C-alpha cells in the first residue's frame, strides 16, 4: 500500500464513500450521551480492516475509470485514424479520376472507327457481320437511359420522355478531344425508315443536344405512329463526338415492362429478345439495387438467352439507395457477393446524378460525387476493397466495357476483314451476273432457264425433306420453342406439360422438323383426358327410343363419348395441319438460298427477277395450301367414320395383346393369342347395366361415365396412330410425288404475255439492284482497305514490341487457305 498513493481528492472521496458504508457508529442514548466511549483493541483492528477494504475498492474504481478513459482515447484515435485513411483514400481516388479524364483515347480511336463503319454497312445493305456490339437491357425504371448518358458524358433528357421505348437507338460514341461540346448527327432515313445508302449517309447538319429528344421522338413516331402502341426493330442511328465520352457502340433497347398494354409489352419483349440472341452481342443487363436479388426481372429474362451469363455484364443501378442500408462489413459483403448469381460472375454497382439539366462539366462533377459518396460509405464499414473495389462505380464499369470491347475488336479484326473480302468477291460476281443478264435478256432463253430453275428447286425441296445439311441448319433451323414463337398458330389447348419432345432443343428444318412435330402431336394426344361429364349430361343422354321407353345406358355412353371425343380431339387436326404448312412453307426460302449460293449455274440468274420469285413462291404456297385442305377433309371424314359406329372392342384397346416372341412363334402360340383376342371374356370391365330404371343414382352415373371414358381412351390411342399415317399419306407424300410436276406444269402453261410482264418489270428491278450493289461494293472495298491497313499496322507493332511472345489471338494469324492477300 505504501508504494501507491491515491490522489488526495480521489483518496478522500473514496475513503469517505468506503468508510461511510463500512464503519458502524453506536447510537447516542441518554445513558451515554455525556460520555465518549473508548476504542478497544478489537474495535481498532476492525477499523483498520475497513480502511483497507475501502482503499482496495477505491483502487478498483480508479482502474475502471482509467480503462474507460483509455478506451475512449483508443476509440477516438481509431476513428481519427480511420477518417484519416478514408480521407487519404478519397484524395487518392479523386486524383485517379482526374488523371483518368486526361487519358488519351487516340490509341484505339482508329479501331473503333472502322468497326463503327462496318456496323453501318451491315444495316445499310442487310449484311451480317458477327462483330462485337453492346446491347443495354433493363426494365423501364432501371436507369438505363441515365447509364447511357453517363457514357456519353452529357444529359439530353432522354429519361424524361417515352422515347427509346418503341425503337432501338444505336449510339456510336467517338471520343474526340477537339470537340469541347457534343457533336451529334443522325443517320439519314427515308420516309419509310429505310437508310440512305448513296452519298453522305449522315445528316448534313448537327443536331443540338437540347433537340435530340425531339428528333428521336419524331423518328420513332414516323415509323411506329404517335399513338405509342406499336414498335419497330429498325434502329435509329446517332453518332456522337465529344471530349468527355467513351469510345463505345451501344444499342439502347426498349425497356421491359411489368404492366400496361399487354400487346405492346409482348412486342417489346420479343424485339429485345431477338436483339440479344446473336452470339456476338455483349449484353449489359441493368437492375435496380433497391430490388432484392430474388425479385429481379431483367436477369431471369436475359438468362433464358445467355444461360451462363458468359456474354452478359450485370450492373446494379441506383446503388445509393442500397449502400446506406449496409451498416456493417458483413452486410456489405453479403450484398456485394450477390445472390443466385453464377460463381465468378461479379456484378457492378453504380449511382448516377439525380439532378437533371446539368451542363456537361457539372454533370461530370456530379458523377464523381455520386461515385465517391458510395465509395466513402463502403470505406466507413471497412469493406474489403481488394475483393470488391473493382465492382463499384461507373468508372470501373466504363473501364471494363472499353477493355472488353477493345479486346473483342482485336480478336475480330481478321475475321471481319476476311468476311469483307468474301462479300466484296460475291458482290462483284453478282454485279457481273446482273450485267450479263441485262445484255442477254430474251424471252426464249428466259423460259428455258425458268423450267431448269424450277426443276432444281424441286430437287432441293426433296433433299431438305429426306434430310440434308445443305440448307445450313445453324442459320435456317428452328428449335421447337422458336417454331412455336414464329409459326403464328394457336397453341395446343390445355397443354401445360413439359415433356421431352425429341430434338426439341435442336435447330431443324424440313423432314426432321416435320417428324419432330408428329412426335409432339403424339404427346399432346395422349395427354388428352376424358372431359368432366355432369350428371345432367348423363340423364339427358338417356333419351327415349322410337319403339320403346326402356333406357339404354350403352347408347347414352356412346353418345357422350362421340360428342366429347370430337370436342377434345378434333381441334388438334386444324392445329397440326397449320404447323405442317408452316414447316413446309419455310423450305421455299431455304431452297432458293441454296440455289443462289451455287456458283457457275447460268439458269440461277432468273432468281434475280423479283417477280419470278414471287410467282414461284405463290405457286409453291398454293400447292401446300391445297394439300392442307385436302388432308383436313380426309382426316375429319375419317374421324367421323371412326366414331360414328362405335366398336365396343375399343373398351379394351390393345391391352388384350400380350407381349410375345414376334420372330419365333409356334402354331399353338398363334392359336392361343388369337383366341385371347377374339374369344376373351366379355364385360371384363365389371359394369352391370342390366338395370333399366330411369332413376339416375350416383352408381349409374359413374358407370355410364366410366364406359364413355374407356371408349375415349381407346379412340385416343388409335387416333394418335392413324393421324400420323394420314399425314404421311396425304400431306407429306404429295410433296414428293406431285410438287415437281405441279410447279413445272404451271410455268409451262404461262402465256408469253405473262412472261413478258414478269421479266420486263424484273429488268427495271435489276437495274435498281445493280445501282445498290455497286454502292455496296464501293463501301465494302473502302472498309476492307481500312481493315487491311489497321491489321497490318497492329501486327507489325505487336511483332516489334515482343519478338518472342505474340499476344495477338491465334485467330488473327492468316492461314494458308486465307483468301486475304497482303
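Quick look at the numbers
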| read-out | value |
| --- | --- |
| In segment 563-603, residue modelled with the highest pLDDT [restricted to those that are in contact with a helix residue (DSSP H, G or I) (Cβ under 8 Å, 6 or more places away or on another chain) and not in a helix (DSSP H, G or I)] | 598 |
| Qualifying positions in segment 38-76 - modelled with pLDDT of 85 or more and outside any helix (DSSP H, G or I) | none |
| Any chance residue 255 is under 13 Å from residue 231 (Cα atoms), crowded, with 20+ Cβ neighbours inside 10 Å, touching a helix residue (DSSP H, G or I) at 6+ places or on another chain (Cβ under 9 Å) and at pLDDT below 85 | yes |
| Every residue from segment 354-370 that is in contact (Cβ under 8 Å) with a residue 40 or more places away in the chain and in contact with a helix residue (DSSP H, G or I) (Cβ under 9 Å, 6 or more places away or on another chain) | 356, 358, 360, 363, 364, 367, 368, 370 |
| Number of the exception - residue 115 against (1) at pLDDT below 85; (2) in contact with a helix residue (DSSP H, G or I) (Cβ under 9 Å, 6 or more places away or on another chain); (3) not assigned by TED's automatic domain parsing to the domain that holds residue 173 | (3) |
| Selection from segment 429-447 of residues that are in a helix (DSSP H, G or I) and in contact (Cβ under 8 Å) with a residue 24 or more places away in the chain | 429, 430, 431, 433, 434, 435, 436, 437, 438, 443, 446, 447 |
| Subset of segment 563-577 (residues that are more than 15 Å from residue 632 (Cβ to Cβ) and crowded, with 16+ Cβ neighbours inside 10 Å) | 563, 564, 565, 568 |
| Residue within segment 726-749 that is exposed (fewer than 13 other Cβ atoms within 10 Å of the Cβ), part of a loop (DSSP other than H, G, I, E, B) and at pLDDT 85 or above present | yes |
| Filtered residues of segment 530-544 (kept if within 22 Å of residue 494 (Cβ to Cβ) and part of a helix (DSSP H, G or I)) | 537 |
| Residue match in segment 222-234 (condition: within 18 Å of the chain's Cα centre (by Cα) and over 19 Å from residue 135 (Cβ atoms)) | no |
| Unique match (being farther than 26 Å from residue 279 by Cβ and at pLDDT below 90) among 458, 494 | 494 |
| Residue satisfying condition, being modelled with pLDDT of 80 or more and farther than 16 Å from residue 301 by Cα, within set 223, 248, 275, 286 | 223 |
| Residue list for segment 77-111, filter: over 25 Å from residue 373 (Cβ atoms) and either modelled with pLDDT of 80 or more or part of a helix (DSSP H, G or I) (or both) | 77, 106, 107, 108, 109, 110, 111 |
| Residue 154 vs. criteria part of a helix (DSSP H, G or I), on the phi < 0 side of the Ramachandran plot and either at pLDDT 80 or above or not assigned by TED's automatic domain parsing to the domain that holds residue 117 (or both) | no |
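The values are calculated or read from the model by the stated rules, or taken from the named source; none is laboratory data. Nothing here was measured: the structure is a model prediction, and the numbers come from that model. All Cβ positions, glycine included, derive from the backbone under ideal geometry; neighbour counts span all protein chains shown.
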